[in-house]
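The next block holds one structure in the form of structure tokens; read it before the comments.
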Amino acid sequence: MAKSEVVFVDIHCVKTRLLFHQRYDFAADNKWVLTYGIKDKEFVRISDQGTGNRKKIDYSKLRTGPQYKCPYCGNRNYVQCGKCGKLTCYSGNGNFECVSCGNCGSVSGTIDSMEGAKGETQ
């Protein structure tokens, strides 16, 4: 089986407040695909030490796979906090609350890019 590049971005569940990871896979059409929300990223090799092991995901070249959802509550949406920059899953209704810093408010704007830990599937 061929190796493929993956990136993991940390995110919190708004309902359980637990950490999970968004998995982005680089597809054959040169786009990133948000494929899964996973509780544990140990099954892939991850090297999250230093800036050389991080990768930026350009959201203008991104699509979300139909299987993506929060593994705890099932939310398919997510927001980036304007105060701390962290991600929290989001129901899509009303205001959001950032699990990381407690900031809350209405959702506006778009996410341009996100950085995460590079990984490699086997």
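Which residue is modelled with the highest pLDDT, if the candidates are limited to segment 85-97 and must be in contact with a Gly (Cβ under 9 Å, 6 or more places away or on another chain) and open to solvent by less than 50 Å² (accessible area, probe 1.4 Å)?
Cys89
I'd like to check something: does segment 10-27 contain any residue that is surrounded by fewer than 12 Cβ atoms within 10 Å (Cβ to Cβ), farther than 20 Å from Val99 by Cα and either at pLDDT below 95 or of a type outside the set (Gly, Ala, Ser) (or both)?
Within segment 10-27 (the criterion being surrounded by fewer than 12 Cβ atoms within 10 Å (Cβ to Cβ), farther than 20 Å from Val99 by Cα and either at pLDDT below 95 or of a type outside the set (Gly, Ala, Ser) (or both)), the answer is no, since none of the residues qualifies.
Of the residues in segment 98-122, how many are in contact with a Cys (Cβ under 7 Å, 6 or more places away or on another chain) and either modelled with pLDDT under 90 or open to solvent by less than 20 Å² (accessible area, probe 1.4 Å) (or both)?
Qualifying residue count for the region: 1.
Run Thr88 past the list (1) touching a Cys at 6+ places or on another chain (Cβ under 7 Å); (2) in a loop (DSSP other than H, G, I, E, B) and report the number of the one that doesn't hold.
Of everything listed in (1) touching a Cys at 6+ places or on another chain (Cβ under 7 Å); (2) in a loop (DSSP other than H, G, I, E, B), Thr88 misses just condition (2).
The values are calculated or read from the model by the stated rules, or taken from the named source; none is laboratory data. Only a predicted model underlies this, so the values are computations on that prediction, with no experimental measurement involved. Counting neighbours? That spans all protein chains shown, and the Cβs are built from the backbone with ideal geometry, glycine included. Accessible surface is based on the protein model in full, side chains and every heavy atom, while ligands, DNA and RNA are left aside. Shrake-Rupley method; radii C 1.70, N 1.55, O 1.52, S 1.80 Å.
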